[in-house]
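Shown next, in structure tokens, is the structure this report addresses.
Read-outs throughout are calculated quantities, based only on the coordinates presented, and are distinct from any laboratory measurement. On a predicted model such as this, the values are computed, not experimentally measured, just so you know. Cβ placement follows ideal geometry from the backbone for every residue including glycine, while neighbour counts extend to all protein chains displayed.
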Amino acid sequence: MSASEQTAQALPARAPASKTLKQLLHVPLTMAVFALVVASLANSFWLSAATSTVALSLSVAGLAILYGQLGLVSLCQFALVGVGGWVTLRIGHAFHPPFEVSMLAGGIVASFVGLVFGIPALRLRGLYLALVTLMLAGAFQIVISAWGFPDGGPGFLGRADGSGRAMLPRPDLADGAVAYFLYVCAVTGIGLLVAQWHKLSRPGRAWTLIRKGETVAVASGVDVLTYKAWAFALSGFLAGIAGALLAGNVGQLDGRAFGAFESLNLFALAIVGGVFNWYGALIAGLLLRAIPALLTDLGMDGYMTIGIFGVALFHALATAPSGIAGQIAALASRLRRAAGREQ
Amino acid sequence: MIVIEDVMVQFGGVRPINGLTATLTAPVAGLIGPNGAGKTTLLNVLSGFVTPVRGNVMLGGQPLLAMTPLQRVRHGLRRSFQTEQVVEDLTVRGNLKAIADHVVAAPDRHEAIDEALTFVGLGALGDRLGQSLNLFERRLVELGKCIIGKPKLILLDEPAAGLTEEEGNTLRELILRVPAEFGAQVLVIDHDVELIRAMCKETIVLDYGKLLAIGPTGTVLAHPDVRRAYLGEL
């Protein structure tokens with residue numbers, strides 16, 4: 001055996017745990033740099049856009065679990081964001097608990113709804129699952145446009161109907177715009193970390209086997225039902241937290257912003273951003289909120305983004321199925337290899 | 001030892017396996033038969049993806065059919081597939097870990113993976129991604145997955161398909177070592193009669209869901225019925 005082979009065989013004995021840790025460290029470090037740069041440069045308009053960018057990237061991370069890990073197309077993710085937002089506002093106005101409690105309630109309920117929305121996936125894949133989940137998103141659109149979001153009124157729906165609409169207060173430790181942006185970055189950072197940990201450990205491996213095929217997964221001892229349910233619950237939870245963070249941003253939510261089209265858009269941009277790298281979620285969030293904000297800032301119609309996104313999606317599907325994040329990762333590894341050769 | 005008693009599988013009006021009775025005792029046994037003979041169906045019966053309408057299968061004295069596919073895996077049943085199923089975005093080590101997660105107790109997982117990597121000779125490729133492996137390396141990963149977690153019976157569905165002769169020979173040598181080193185019986189399903197002849201002491205031949213011949217490989221392959229049905233001789 002050559003010397004290089006010996007080192008290669010000796011290394012893995014201690015490598016895996018510390019390597020996972022190193023891969024996980026990328027998440028908080030990147031989030032911290034991003035948060036500090038934006039917080040120190042942005043004006044109030046951009047800060048608000050950046051806050052929703054970061055919050056939404058959490059729901060994209062949920063989509064990336066379903067599509068990138070399990071290969072399941074779910075087109076109702078934005079509806080789950082709405083569920084999380086609704087529950088957060090409802091709990092917040094009814095009991096006035098700390099924001100974190102309302103937020104967790106939103107995440108948990110969205111997680112259950114996500115689990116229910118995932119039931120078709122036990123039987124369906126591909127186009128059929130996409131259609132069924134899109135219809136669920138459509139059903140949510142009808143419900144939410146009839147109910148609206150709670151704004152401090154009486155009754156189960158909590159609608160104030162015009163007079164005396166209340167705002168959901170932001171968390172006590174993050175009342176200002178900058179503080180709340182940093183708060184959202186911290187919560188999202190934790191959420192992305194949880195998602196990334198899942199990807200790098202036992203559930204992630206089980207999910208990739210399910211993506212290969214259910215018989216393949218079963219033949220490897222994977223309890224397919226449990227791991228699928230887990231993925232849907234986690235994905236729903238992340239969407240729910242994203243909804244809570246959005247509700248906290250302006251203190252209210254608008255039912256018209258939660259149509260089925262938003263779920264479609266979210267899925268398309270998740271692909272453009274990249275579902276196989278964790279930072280693809282952040283890129284998708286930027287595309288979703290920062291690009292329209294940029295166009296508005298330049299005095300153009302924000303709806304132009306739909307056309308731009310269509311082209312971007314076509315480009316991603318045709319030439320870069322791992323999205324922008326995948327291209328960044330490939331570039332980074334090329335640079336690393338080039339640097340390695342020079343040494 | 002696998003004991004198959006009067007197993008019948010029925011899909012509508014078709015009986016891919018029709019009253020099959022056979023006992024396999026060799027450490028490495030072969031299963032051959034022409035297309036549509038019921039080989040893959042038998043494999044699916046053994047691994048639990050197809051439920052027979054009647055019959056009984058015993059593995060090492062324990063009834064197999066009462067167990068779910070998952071219970072069979074935990075009980076020590078392993079299988080590979082005709083098309084290799086290596087996950088592209090997991091490393092070689094990750095691919096092995098994916099099964100070790102479910103069949104090896106946490107403290108022993110690392111050791112089991114190292115042992116499998118060394119056995120199939122992929123120790124140096126542990127950190128390579130599945131997508132960068134060639135077919136031979138992928139087949140080795142598949143074999144590595146099968147020997148993790150104290151297997152009792154390993155079903156290999158055309159393990160050497162698409163390999164060069166040299167690669168096939170290397171794989172064959174490895175498979176032959178499995179019973180002695182891991183204590184598992186191996187059942188190889190293949191079209192390649194030479195591979196079966198070189199590898200298996202005992203062979204079972206199926207045709208139209210029925211047992212055509214069973215016994216020592218040399219004798220079975222010389223059987224006139226087998227030559228007629230499978231090798232195309234008149």
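Please list, short to long, the whole-number percent of alpha-carbon pairs of the protein assembly as shown in consecutive 10 angstrom bins beginning at zero.
3, 16, 23, 20, 16, 12, 7, 3, 1, 0
Top mean-square fluctuation among A:Val73, A:Val101, A:Val272, Gaussian network model of chain A, C-alpha springs under 10 Å?
Answer for the Gaussian network model of chain A: A:Val101.
Set the Förster distance to 30 Å, then compute FRET efficiency between A:Thr20 and A:Asp223 from the Cβ-Cβ distance, nearest 0.05.
0.85
Could you give me the radius of gyration and the Dmax of segment B:32-86, taking only the C-alpha atoms into account and expressing both in angstrom?
Reported Rg and Dmax, both Å: 12.0, 34.
With +1 assigned to the C-beta of every Lys and Arg and -1 to the C-beta of every Asp and Glu, and no other charges, what is the dipole magnitude of the protein assembly as shown about the Cα centre in debye, to the nearest 20?
So the magnitude is around 440 debye.
Tell me, rounded to the nearest percent, the portion of alpha carbon pairs in chain A spaced more than 27 Å apart. Display every interim value, and only then the final one.
Values: 27456 of 58653 pairs.
For chain A, the fraction of Cα-Cα distances above 27 Å is 47 percent.
By its C-alpha gyration tensor, with a ≥ b ≥ c as the square roots of the eigenvalues, how is segment A:59-214 shaped: rounded for a/c under 1.5, else prolate for a/b larger than b/c, else oblate?
The shape class here is oblate.
Just to be sure I understand the model, the point goes 7 Å from the Cα along the line to the Cβ. What's the resulting A:Met304 to B:Ala222 distance in nm?
Placing both labels 7 Å beyond Cα along the Cβ direction yields 8.5 nm.
Calculate the dipole size of chain A relative to its Cα centre from +1 charges on Lys and Arg beta carbons and -1 charges on Asp and Glu beta carbons; express the result in debye to the nearest 20. Spell out each step's value before the answer.
Numbers: 21 positive and 13 negative charges, 219 e Å.
Dipole of chain A, to the nearest 20 debye: 1040 debye.
Top mean-square fluctuation among A:Ala318, A:Ala247, A:Ala61, Gaussian network model of chain A, C-alpha springs under 10 Å?
With Cα springs under 10 Å in chain A, the top fluctuation among A:Ala318, A:Ala247, A:Ala61 is at A:Ala318.
As a test of the formula, what do you get for chain A when each DSSP H run with n ≥ 4 contributes -39,500 (n - 2.57) and the sum is divided by the residue count, at 222 nm and rounded to the nearest 500 deg cm²/dmol?
Numbers: 15 runs with 248 residues, N = 343.
Mean residue ellipticity at 222 nm (helix-derived): -24000 deg cm²/dmol.
Using 0.36 nm per residue, how much length does the chain from A:Arg334 to A:Leu29 gain when fully extended, once their Cα-Cα distance is taken away?
107.6 nm
Between B:Val193 and B:Asp89, take the C-beta separation as r, use R0 = 60 Å, and let me know the FRET efficiency to the nearest 0.05.
Efficiency, rounded to the nearest 0.05: 0.95.
Over all distinct Cα pairs, what is the inverse of the mean 1/r for segment B:46-173, reported as the Kirkwood hydrodynamic radius in Å?
Details: mean 1/r = 0.0648 Å⁻¹.
Hydrodynamic radius (Kirkwood, Cα pairs) of segment B:46-173 is 15.4 Å.
Keeping to pairs on different chains or 8 or more places apart, tell me how many lysine pairs in the protein assembly as shown have Cα atoms under 16 Å apart.
12
How big is the charge dipole of segment B:2-229 about its Cα centre, in debye rounded to the nearest 20, if each Lys and Arg gets +1 on its Cβ and each Asp and Glu gets -1 on its Cβ?
Rounded to the nearest 20 debye, it is 700 debye.
Pop a pseudo-label 7 angstrom from the Cα along the beta-carbon direction at both B:Thr68 and A:Leu36 and give the gap in nm to one decimal.
Each label point is offset 7 Å from its Cα along the Cβ direction, giving 5.0 nm.
Positive end of the charge dipole of segment B:51-207 (Lys, Arg +1 and Asp, Glu -1 on Cβ, about the Cα centre): tell me which of B:Thr118, B:Thr203, B:Pro159 has its Cα farthest that way.
Checking the options against the dipole of segment B:51-207, the answer is B:Thr203.
Given DSSP loops and a limit of at most 13 other Cβ atoms within 10 Å, what is the longest stretch of chain A that contains no such chymotrypsin sites (Phe, Trp or Tyr not before Pro)?
A:1-155
For segment A:34-66 and segment A:230-265, write down the distance between their C-alpha centroids in whole Å.
14
On a 0 to 90° scale, report how tilted helix A:323-342 is relative to the longest principal axis of chain A, with both axes built from alpha carbons and the result rounded to the nearest 10.
The angle comes out near 30 degrees.
Take B:Leu135 and A:Ala160, extend 7 Å from each Cα along the Cα→Cβ direction, and tell me the distance between the two endpoints in nm.
6.9
Tell me the mean residue ellipticity at 222 nm calculated for chain B from its helices only (DSSP H runs of n ≥ 4, each -39500 (n - 2.57), averaged over every residue, nearest 500).
Calculated mean residue ellipticity at 222 nm is -11000 deg cm²/dmol.
Taking the alpha-carbon centroid of each part, what is the distance from segment B:16-83 to segment A:266-343 in angstrom?
A separation of 48 Å, based on Cα centres.
Relative to the longest principal axis of the C-alpha atoms of chain A, give the angle of the C-alpha long axis of helix A:177-200, reported between 0 and 90° and rounded to the nearest 10°.
Once rounded, the angle reads 40 degrees.
How large is the convex hull of the Cα atoms of chain B per residue, expressed in Å³ as a whole number?
Considering the Cα atoms of chain B, their hull volume per residue is 121 Å³.
Among A:Ala39, A:Leu269, A:Trp86, flag the residue with its Cα farthest along the positive direction of the charge dipole of the protein assembly as shown, charges on Cβ as +1 for Lys/Arg and -1 for Asp/Glu.
It is A:Trp86.
Please compute the Kirkwood hydrodynamic radius over segment A:15-65, one decimal place, Å, based on all pairs of different Cα atoms.
Evaluated over segment A:15-65, this radius sits at 12.7 Å.
Whole angstrom only: what separates the Cα centroid of segment B:182-234 from the Cα centroid of segment A:147-179?
Cα centroid to Cα centroid, the span is 75 Å.
Using 5 Å bins from zero, what percent of all Cα-Cα pairs in segment A:267-343 falls into each bin?
All Cα pairs, binned at 5 Å, distribute as 3, 17, 20, 19, 15, 11, 7, 4, 2, 1, 0 percent.
In whole Å, what are the Cα extents of segment B:145-190 along the three principal axes, biggest one first?
Taking max minus min along each principal axis of the Cα atoms, segment B:145-190 gives 30, 17, 15 Å.
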